[in-house]
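Written below as C-alpha cells is the structure these notes are about.
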Amino acid sequence: MHPETEPMPGRREIKRRQTRLALITAALRLADERGVDRVTTEEISAAAEVSPRTFFNYFATKEHALVGDPLEDCPAPVLKPLPLLDALLDALAPAFEQIQGDRDLWLLRMRVISANPQLLPLLIAAAASAEQRLAQAIADQTGLAPDHPRPQVAAAVANAAVRVAVVRWAESGDSRPLIEHVREAFHHLKEVDDSRRT
C-alpha cells in the first residue's frame, strides 16, 4: 500500500508508537549520559514511566531499544514505474521525512552508537534487514526474483548513498533537509552511471 493511501492509525496504535518512542528516547538519553553498560532496562522503563514488563513487550534487550529498527513505523517502500533511482527516492521519501522530523533523536542515536561500538553489530543487522526489504521492493517492480543480483545490488548501492547522505546531513550543521542530501547522493550515482555509458 502506498503511503498516500495508508489508513490513519487508531488510538491503540498511536499509544503503541508513543510508548515505543518513549522507551527509545529514555534509553538513548540514559546511555548518552552514562554509557550503555551503566544503564539497566529497569532504569529505562522507569524513565519512560512504564513497567519493565512493558519494556520487554517492545524490545528484547536495552541494545535493541538503542538501535532496533528506527523506521519500523514507516510503510514498506512501493516503487512507482519511474527510472529506478527516481522511484527509490519517491518511495523512501516518507522515511526521510520521519528522520528529519526526529532529527534530535537521530543525532543522539548516532552519538550513542559512535561512543559504544558494541552496538555496531545490531546496527549492521538492522541496516541489512532494511536493505533486504528494499531489494524485495525492487524485485517486485522489475519482475525479477528476490535472489536475482540486480535488486540486491541496487538496494545495496542505494543504501550506501543514503548512509552517506545521513552522515553529511548530521555533520553539516546546515539547514538543508535530509532529502536534499539524499537527492545529491543519488545525483552522484546517476553521474557514475552516465560516465560509464560515455
I need the peptides 59-69, 44-54 ranked by packing, meaning the mean over residues of other C-beta atoms within 10 angstrom, with the highest value on top. 59-69, 44-54
Cα-centred dipole magnitude for the chain, charges only on beta-carbon of K, R (+1) and D, E (-1), debye, nearest 20: 260
What percent do you get for the relative contact order of the stretch 20-95 when only Cα pairs under 8 Å and 6+ apart count? 24
Just going by the charge dipole of the stretch 64-198, with Lys and Arg at +1 and Asp and Glu at -1 on Cβ, which of PRO177, PRO151, GLY68 is farthest out on the positive end? PRO151
The ³J(HN,Hα) series, computed from each phi in the stretch 133-146 with the Karplus coefficients 6.51, -1.76 and 1.60 at θ = phi - 60°, rounded to the nearest Hz and given as x for glycine or proline, is 5, 5, 4, 5, 5, 5, 4, 4, 6, 8, x, 8, 5, x
Straight-line reach only, C-alpha to C-alpha below 15 angstrom: list the aspartates and glutamates that LYS80 could link to, leaving out same-chain residues fewer than 8 apart. GLU4, ASP90, ASP140
Rounded to whole Hz and in sequence order, give me ³J(HN,Hα) for the stretch 154-164 from the Karplus expression 6.51 cos²θ - 1.76 cosθ + 1.60, θ = phi - 60°, writing x for Gly and Pro. 4, 5, 5, 5, 4, 4, 5, 5, 5, 4, 4
From the Cα centre of the stretch 25-86 to that of the stretch 110-132, the distance in Å is 12
³J(HN,Hα) across the stretch 82-90 via Karplus (A = 6.51, B = -1.76, C = 1.60, θ = phi - 60°), whole Hz, x for Gly/Pro? 10, x, 3, 5, 5, 5, 5, 4, 5
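Treating only the Cβ of Lys, Arg, Asp and Glu as charged (+1, +1, -1, -1), what charge dipole size does the stretch 70-180 show about its Cα centre? Round to the nearest 20 debye. Walk me through the intermediate numbers first.
On the way: 9 positive and 13 negative charges, 51 e Å.
Roughly 240 debye, rounded to the nearest 20.
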Arranged from highest to lowest average of other beta-carbon atoms within 10 Å per residue, in what order do the peptides 24-31, 146-153 appear? 24-31, 146-153
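What percent does the relative contact order of the chain come to when contacts are Cα pairs within less than 8 Å and at least six residues apart?
Working: 163 pairs, mean separation 36.0, N = 198.
Once divided by the residue count of the chain, the mean separation gives 18 percent.
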How large is the direction-averaged shadow of the alpha-carbon convex hull of the chain, in nm²? 12.8
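Since every read-out is calculated from the coordinates, none of them should be taken as a lab result. Just so it is clear, the model here is predicted, and its values are computed rather than measured. With ideal geometry, Cβ positions are generated from the backbone for all residues, glycine too; neighbour counts draw on all protein chains shown.
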